[in-house]
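The next block holds one structure in the form of structure tokens; read it before the comments.
Laboratory data are not the source of any read-out in this text; all were calculated from the coordinates shown. On a predicted model such as this, the values are computed, not experimentally measured, just so you know. Cβ atoms come from the backbone with ideal geometry, glycine included; neighbour counts cover every protein chain shown.
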Amino acid sequence: MTSAGSDTVTSSSAASDSVATKSALDPTASDSAASNAGATSPAASNSAVSWWRAMVERRPVSVRLVGALVAGMLLFGSFPPRPYWFLAPLGIAVLTLVLRGGDRLRGGFGYGMVAGLGFFLPLLPWTGIYVGPLPWIALSTACAVFIGLFGVLARLVGRLPGWPVWIALAWVTGEWLRSSVPFGGFPWGRVAFGQADGWYLSHAVLGGPVLIGFTVALTGTAGAALVERLAVRGVWRTGRAVLVAAALTLVALPVSGVLLRAALPEPGAGESMIRVAAIQGSVPRLGLEFNAQRRAVLDNHVRRTEELARAVAEGRVERPDVVIWPENSSDIDPLRNADAAALITEASQRVGAPILVGAVLVNGDRTTTNSVIVWDGAAGPGDRHDKKIIQPFGEYLPMRGFFRLFSDYADKAGYFVPGDGDGTVRAAGVDIGVATCYEVAFDRAFRDSMAAGAQLLTVPTNNATFGDSEMTYQQLAMSRVRAVEHGRALVVAATTGVSAIITADGAVRQQTPQFVPAALVAELPLRHDTTVATRIGQAPEVVSVMLTGAALVFALSRRWRRRRDRAGAAEFTPEATTAGPR
């Protein structure tokens, strides 16, 4: 008789569950009990092996719940601003051990949910800083659901031969699903975005965040497989081939990332160079009142640009070819407001370079676009990028009437509409790929820019509404991954920081402190060549999802056959045998 919602059984079925668990962990679990008990290790280590074996085989619910929570917290610990990237494969290893050895799918979902909450609740508190805890808890819970679905997938494909590979693919598939639905998805928290300081980063040049995620996950699942094997069979019966295979996997994946660094572009190597300035004007006050400070924010960015112009005139800084302002640096529509247009024009004339201005533009139907306009002091406004991937529950509110029932903050959400451009603007004769703030989390943003011929990338962003939180560091790590993925230098311009100059190897060459006006100037290479990741585009994701789907079909068919065979065996009782013809 089973306990509701658990993976444990009462004493009446403990023996059969133990056999089933052993079979899942060890193909030779049908050996005699005496053989297994006596061949695990020398006598000196019998007690330790027995303890490990008991933990791996029984794994009571309480232990699994704690393990799931620890796994989630380890994943969180791998994200910036902490440099502990190596905690990500460890977290996946712990979660894999929690999920292995059980058969109930609802248990897999539950443990995945616990791990997801342990991961996303501490990762995303910035979403509720100024609007209260409800949005933060709701978003964290929604994201945790996808880790729960991973738990279901892991339990299904975890009984197949080569299960560490299938579970790693299931992890990648779960991240793809969370990055796609609902409302366009939410990629924040993909394990790749915690690897900007780690050995796995260079894998982005071959397969982008998908390949980073797969190699991190496979390292974790391979580690879990080794722990299980050692726990069930002991060191002396595990076999040299298994130990060598596990060791190679655990070492080769991260080390291959280190070796791949040699294939990354040299930071200063390019077909030509461009001198770029990033302006961080800062804001008078943090929080939701940011939009009430529109003129002050514009003035701040004009003022800091004019200070740069004076430094150029005095010979302290070389003149930039292009200047990049952050997202929302002009929340006053400069195409409709003559004063705002005049200020931007004057700033461009003084610095002697076109400015990429982050502006909020008002459409004829009173909707708005979050745009980046190339503004030349002599020619006026030119090319522009309208943000294509807009943030639900911030820049717009899906099902506004429904969500208004739960929070008055529903009316604070914007009425932005997405653009439909190619993700590039042309300034100073250079094609610049633009991913505005939230867009950088999505693979397709810069993929479109690169297809349009981007030679340089930029992420104008406004983090003022998230206060003094970890959000800006999490986003900066995404920009570093994108730089490596596409082999391009990248400029981050933020209203309040962190603004940064990132080279194509993912290194941060310059960055600003938060909440102070600042300017960064750097000479950066322009390139036309493309990385493998750029050329193959979505292929790694498509292949991962297809392989996971195939494994899932195979696992479900095996599961159905097992149940059918058990049902048939139950009907074929000894009484029925003796009663038949002789």
Magnitude of the charge dipole, the range 272-536, Cβ model with Lys/Arg +1 and Asp/Glu -1, debye to 20: 120 debye
Residues with amide H under 5 Å from that of Leu524, placed H, sequence gap 5 or more: Ile274, Arg275, Val276
In the range 384-443, trypsin sites (Lys or Arg not before Pro) in a DSSP loop with at most 10 other beta-carbon atoms within 10 Å: none
Total formal charge among the other residues, if their Cβ is under 10 angstrom from that of Pro517, Lys/Arg +1 and Asp/Glu -1: +1
Charge context of Phe403, other residues only, Cβ under 15 angstrom, K/R +1, D/E -1: 0
Residues Leu177 and Arg559, FRET efficiency given R0 of 25 Å [Cβ-Cβ distance, rounded to 0.05]: 0.75
Placed amide H near Leu356: partners under 5 Å, 5+ positions off or other chain: Val323, Ile324, Trp325, Trp375
Extension reserve of the Thr367-Glu318 stretch, reckoned as 0.36 nm per residue once the Cα distance is removed: 13.6 nm
Additional length obtainable on full extension of the chain from Ala451 to Ala338, 0.36 nm per residue less Cα span: 37.1 nm
The range 272-536: translational diffusion in µm²/s, Stokes-Einstein, Kirkwood Rh over Cα pairs, 10 °C, 1.306 mPa s: 87 µm²/s
Kirkwood Rh, angstrom, the range 135-239 [1 / mean 1/r, Cα pairs]: 15.0 Å
Among beta bridges that DSSP assigns inside the range 272-536, antiparallel share in %, nearest 5: 65 percent
Cα gyration tensor, the range 110-170 - rounded (a/c under 1.5), prolate or oblate: prolate
Efficiency of FRET from Cβ geometry, Ala569 and Asp411, R₀ 56 Å, rounded to 0.05: 0.35
Charged-residue dipole, Cβ positions (Lys, Arg, Asp, Glu), the range 145-232 about Cα centre, Debye nearest 20: 220 debye
Sequence of Arg190, Arg558 once ranked by neighbouring C-beta atoms within 10 Å, starting from the fewest: Arg558, Arg190
Efficiency of FRET between Ala245 and Leu160 - r from beta-carbon atoms, R0 25 angstrom, step 0.05: 0.90
Whether the range 405-563 is rounded, prolate or oblate, judged on the alpha carbon gyration tensor where a/c under 1.5 counts as rounded: oblate
Linear extension gain, Val258 paired with Phe515, 0.36 nm per residue minus alpha-carbon span: 89.1 nm
Fewest-first ranking of Trp375, Trp136, Trp85, using other Cβ atoms within 10 Å as the exposure measure: Trp136, Trp85, Trp375
Summed residue charge, Cβ within 15 Å of Pro326's Cβ, Lys/Arg positive, Asp/Glu negative: 0
